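Asks: The structure that follows is given in the form of C-alpha cells.
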Amino acid sequence: MAYDPNNVFARILRGEIPCKKVYEDDFALAFHDIAPQAPVHVLVIPKGAYVSWDDFSKTAPDAEIGGFIRAVGAVARQLGLDEPGYRLLANTGRDGGQEVPHFHIHLFGGRVLGRMVAAD
Ligand code: 5GP
C-alpha cells in the first residue's frame, strides 16, 4: 500500500491537526490517543512516512528504527510507567485492525491490563 500523505497522523505531524503532545525528538512524536482505552493511552509515531510496522521494519534506515525504539522507551519512562509496567501494541494491516495508515505504537498503562487480546 502506498503511503497516504493526508492520513490523520501525517496531518498531526505537519501541525494541521492539534494533538496533546507527550514527547518529541528527531525520530518520533508521542501524543494522547483521542479515544483512550486505558488510564494512559499514548500513540508513538515515527516522523518518517511509513504505512505500518511491516513497512517500517522493512524499509526504514537503521538509524530511524533505533531512534524510534529508543523514543518509545523514553516516552514510557517519562510517563512513569517503567516500574509498574505497560503494554505496547502495533495493529498491522486488515487482520490487525489498523485504522490509521501511518505506523504507530499504542502505549497503554495506568492499571493492570488483563489478558493480551480481546475476544472479538
Ligand atoms: P489503529 O486502529 O490504527 O491501531 O489506531 C488508531 C488510533 O488512532 C485509535 O486508537 C484512534 O482513537 C486514534 N486516533 C484517530 N484519529 C485521531 C486523532 O485525530 N487524534 C488522536 N490523538 N488520535 C486519533
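The values are calculated or read from the model by the stated rules, or taken from the named source; none is laboratory data. This one's a predicted model, so the numbers in the text were calculated from it and none came from an experiment. Neighbour counts run over all protein chains shown; Cβ positions are idealised from the backbone, glycine included.
Asks: Going through the stretch 76-120 one residue at a time, which ones are away from the ligand (no atom under 14 Å from the Cβ) and part of a helix (DSSP H, G or I)? Quick ask: steps written out before the conclusion?
Replies: Start the filter on the stretch 76-120 by keeping residues that are away from the ligand (no atom under 14 Å from the Cβ), which leaves 76-86, 109-116, 119-120.
Matches in the stretch 76-120: Ala76, Arg77, Gln78.
Asks: Another question, then. Of the residues Ala90, Ala76, Ala63, Ala71, which is exposed (fewer than 13 other Cβ atoms within 10 Å of the Cβ) and among the aliphatic types (A, V, I, L, M)?
Replies: Working: Ala90 fails: exposed (fewer than 13 other Cβ atoms within 10 Å of the Cβ); Ala76 fails: exposed (fewer than 13 other Cβ atoms within 10 Å of the Cβ); Ala71 fails: exposed (fewer than 13 other Cβ atoms within 10 Å of the Cβ).
Exactly one residue qualifies, and that residue is Ala63.
Asks: Going by the structure shown, is Asp55 among the charged types (D, E, K, R) and surrounded by 14 or more Cβ atoms within 10 Å (Cβ to Cβ)? Please lay out each step first, then the result.
Replies: Numbers: among the charged types (D, E, K, R): yes; surrounded by 14 or more Cβ atoms within 10 Å (Cβ to Cβ): yes.
Against the criterion (among the charged types (D, E, K, R) and surrounded by 14 or more Cβ atoms within 10 Å (Cβ to Cβ)), Asp55 qualifies.
Asks: Here are Pro36, Pro18, Pro46, Pro5: which of them is under 12 Å from Phe108 (Cα atoms) and modelled with pLDDT of 95 or more?
Replies: Going through Pro36, Pro18, Pro46, Pro5 in turn, the sole match is Pro36.
Asks: Please work out which residue is farthest from Asp82 (Cα to Cα), limiting yourself to the stretch 1-41 and to residues that are assigned to a strand (DSSP E or B), in contact (Cβ under 8 Å) with a residue 12 or more places away in the chain and touching a Phe, Trp or Tyr at 6+ places or on another chain (Cβ under 7 Å).
Replies: We begin by selecting, within the stretch 1-41, every residue assigned to a strand (DSSP E or B); these are 21-24, 28-32, 40-41.
Applying the additional criterion that residues be in contact (Cβ under 8 Å) with a residue 12 or more places away in the chain yields 22-23, 28-32, 40-41.
Next, from what is left, pick out any that are touching a Phe, Trp or Tyr at 6+ places or on another chain (Cβ under 7 Å): 22, 28, 30, 40-41.
On the way: Val22: 16, Ala28: 19, Ala30: 16, Val40: 13, His41: 14 Å.
The selected residue is Ala28.
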